[in-house]
Amino acid sequence: MSEHQVELMVNGKPRRATVEGRQTLADALRVELELTGTHVGCEHGVCGSCTVLVDGAPVRSCLMLAVQANGRSVTTVEGLAHGANMHPVRQGFYECHSFQCGFCTPGIVMTTAAFLAGNPSPTEHEVRESLAGNLCRCTGYQSIVEGVQRAAELMREG
Amino acid sequence: MRPAPFDYVAPTTIEEVVALLAEHGEDAKIVAGGQSLIPMMALRLARPAVLVDIGGVDSLQHVGPGSIGAGVTQATLEREAPHPLLAEVLPLIAHPAIRNRGTIGGSIAHADPAAELPAVALLCDAELVARGPAGERVIAAVDFFESYLTTALAPDEVLTEIRFPTHHRTGFAFREVSRRHGDFALVGAGARVTVDRAGDVVDQRLVFIGVGSTPVIAEDASELEPSDDVHATAAYRKHVAGVLARDVLLTARSRA
């Protein structure tokens, strides 16, 4: 069993942790760095709840070892909070009530932030495909699709 | 749910990777993107004592029209599309969050019979380059896939490169049917069609996924022997395979 020192940028701040080789990035964020906004659902890469951005690209943090994130830049859902100013994805989800229990929401917010950065004017079909890797057991997705579309509008309005 | 404890090592050269595999043999597993291996470790279906991460080996990262490094991510291939078939197939693989980590070499070496990239290797007659203690050897794609998650790679070998031969006057096409976009395909079919100067078909190949213990080369879907499972019946898979085969043959023919 190996232990490793990792240094990474998390939400713009340099952070360090000592992790076991087998510790996932999701667990390191939650346990070592106390960033519990990242939720851990299925723990084998199916549900999408633990999605974070690594160097700007969405990844499943349960399928990446913390040691593999050494030297990388990680953005979690906490990184979208800027005081009283809501990130457009948060604002869109708030307006459309794009959650019920909220467990899947951090992963969907991070997936959507990356998706809209690459596709600012998606069709409804594209929005639904973008959400295919994130499971929500409550909403039936309708309000999430609406929230993503509202977020896109807000981002286009700047 | 955690992987069983292991030693993590991250070599930066292929020589170090080969030396580690020689030292640890079957106790070692190679991880690239980890999008198949880490779930298997979390479920304790795989319990390697040593995990050799090849993500930091720069020599596995090249992308060219005839040759792709085994460590290139699926997201990079989707963006750069060095082969027209890859441009069509990559968006079908799981979701962006998976493709950002998953690699071409990892998918081929993992050899899931429902995965797309092993079928691409068969359709293109790719040459799979492996490095081991005895040096380099080239394995034809048709000799590579042996059974479910089992390939011709020895435990002390690492897949380093996927070479794509040039096919003239040839078109490719691939389609699959899955319950939702990004799910594992219930069944998929790819075609390669080569025509002569007059436009007549002189060669063709069909490859099917999700219908056996490996990706399957067949003359047509009637030869397939898929199984029933919770997702679809064998009869349904065989029917859909026939519909897809007709479609990809026509599309590949039109692109030749």
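Each value in this text was obtained by applying a stated rule to the coordinates, not by laboratory testing. The structure presented is a predicted model; accordingly, all values stated were derived computationally and were not measured. So basically every Cβ, Gly included, is an ideal-geometry build from the backbone, and we count neighbours across all protein chains shown.
Note on the stretch B:136-176: dipole from Cβ charges, positive end direction compared against B:I139, B:L153, B:F174; the farthest Cα belongs to B:F174.
Of all DSSP beta bridges confined to the stretch B:7-163, the antiparallel ones make up roughly 70%. Of the Cα atoms belonging to the stretch A:15-100, the radius of gyration and Dmax stand at 13.6, 41 Å. Taking 1.306 mPa s as the viscosity and 10 °C as the temperature, the Stokes-Einstein diffusion coefficient of the stretch B:170-255 based on its alpha-carbon Kirkwood radius rounds to 121 µm²/s. Along each principal axis, taking the top coordinate minus the bottom one, the Cα set of the stretch B:1-153 gives 41, 38, 30 Å in descending order.
Find the percent of Cα-Cα distances in the stretch A:88-157 that exceed 21 Å, and round it to a whole number. Roughly 10 percent, rounded to a whole number. Counting every other Cβ atom within 10 Å of each residue's Cβ, B:V248, B:V201 order from fewest to most as B:V201, B:V248.
Rg then Dmax, both in Å and based on the Cα atoms of the protein assembly as shown: 21.9, 69.
Distance from the Cα centre of the stretch B:226-256 to that of the stretch B:72-101, in angstrom? Between the Cα centre of the stretch B:226-256 and that of the stretch B:72-101, the gap is 22 Å. Name the shape class, rounded, prolate or oblate, that the alpha-carbon gyration tensor gives for the stretch B:59-103, where a ≥ b ≥ c are the square roots of its eigenvalues, rounded holds for a/c under 1.5, and otherwise prolate holds if a/b is larger than b/c and oblate otherwise. Since a/c reaches 1.5 but b/c is at least a/b, the shape of the stretch B:59-103 is classed as oblate.
Computed from the C-beta positions of A:R16 and B:V9 and an R0 of 30 Å, the FRET efficiency is 0.90 to the nearest 0.05. Annotation: extensible slack from B:A154 through B:V202 equals 13.7 nm (criterion: 0.36 nm per residue apart, minus Cα-Cα distance). Relative to the current alpha-carbon distance between B:I217 and B:R169, full extension at 0.36 nm per residue lengthens the span by 15.2 nm. Here the Debye sum runs over all C-alpha atoms of the stretch B:130-177 as equal scatterers in vacuum, and log10 of I(q)/I(0) at q = 0.18, 0.27, 0.31, 0.33 Å⁻¹ comes out as -0.75, -1.08, -1.21, -1.26. Please report how far the C-alpha centroid of the stretch A:1-68 lies from that of the stretch B:147-179, rounded to the nearest whole angstrom. Between the Cα centres of the stretch A:1-68 and the stretch B:147-179 lies a distance of 31 Å. In units of the compact-protein estimate 2.2 N^0.38 Å, chain A shows a Cα radius of gyration of 1.03.
Across the stretch B:101-211, how large is the tail of the calculated P(r) beyond 22 Å, expressed as a percent of all Cα pairs? Summing the P(r) of the stretch B:101-211 above 22 Å gives 37 percent of all pairs. The orientation-averaged projected area of the convex hull spanned by the Cα atoms of chain B comes to 13.5 nm².
With each run of n ≥ 4 DSSP H residues scored as -39500 (n - 2.57), what mean residue ellipticity at 222 nm is computed for chain B after dividing by its residue count and rounding to the nearest 500 deg cm²/dmol? Calculated at 222 nm, the ellipticity per residue is -8000 deg cm²/dmol.
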